[in-house]
Amino acid sequence: MAATLAPPAPREAAVRRARLLNRVTIGYNLAEGVVAVLAGVAAGSASLIGFGLDSAVEVSTALVLMWRLRQERRGGCMSDYDRRATRLIALTFGALAGWVGIEAVRQLVGREGPEVSVIGIVVAAVSVVLMPLLARAKRRLAPAIGSRAVVSDARQTELCALLSGVLLIGLAANAALGWWWADPLAALAIAGVAGVEGVRAWRAESLEDTCCA
């Protein structure tokens, strides 16, 4: 009788699925970020540019997580790798919050209203639907892997979903009602949420089973 291959262990299967979701995250956010930034520059929209930069941050977060998941091949305790990966993720949150916040204040003070961006509205609407599904899938894997970095990456995807909603409201209000100030206010909200998430990720403790091989 031919030998049958044993199914992968739960942790190994979770790591494989996390890697797959990580690749999906990188691919989608690269496309989303490029479109959002180009549309934001064309419309003069701080919130749309900030959203595009958040996509770049999410790509960098996914790359950090890719490095973290590669360390699984080494075996042994993952806590040091996990801590470094989580701190890098926190720094990307902080960088996003700083730039977007400054730009939003500049536009509010200068009373610079953006032009209507139909492309931006479409991008935000698509992300509102897709990002919560991706975040939920990531969060389910974190306990099996025992990785705080996976949790932080899931929170970044949840943040993207939240910011998609904020962006959609700001862009729609500007397009439908002519509320120019809705865009920089949406950008300030993006900066504030990113800053809070950065601090939370920096202070996060490792999950108790991070050392599982």
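The values are calculated or read from the model by the stated rules, or taken from the named source; none is laboratory data. Just so it is clear, the structure is predicted and the values come from calculations on it, not from any experiment. Reconstructed Cβ throughout: ideal geometry from the backbone, glycine too, with neighbour counts over all protein chains shown.
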*Would you mind finding the one in Ala191, Ala173, Ala154, Ala135 that is at pLDDT 80 or above and within 17 Å of Ala36 (Cα to Cα)?*
Ala191
*Is it the case that Pro143 is modelled with pLDDT of 90 or more and either surrounded by fewer than 21 Cβ atoms within 10 Å (Cβ to Cβ) or within 15 Å of Val193 (Cβ to Cβ) (or both)?*
no
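Could you pull out the residue among Ala39, Ala18, Ala13 that is over 18 Å from the mean Cα position of the chain (by Cα), part of a helix (DSSP H, G or I), over 30 Å from Ala175 (Cα atoms) and at pLDDT 80 or above?
Ala13
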*Consider only pairs whose beta carbons are under 7 Å apart and that are at least six residues apart or on different chains; among these, list those whose first residue lies in region 18-38 and is at negative phi and surrounded by 15 or more Cβ atoms within 10 Å (Cβ to Cβ) and whose second residue is β-branched (Val, Ile, Thr) and at pLDDT 90 or above.*
Glu32/Val123; Val35/Ile119; Val35/Val123; Ala36/Val123
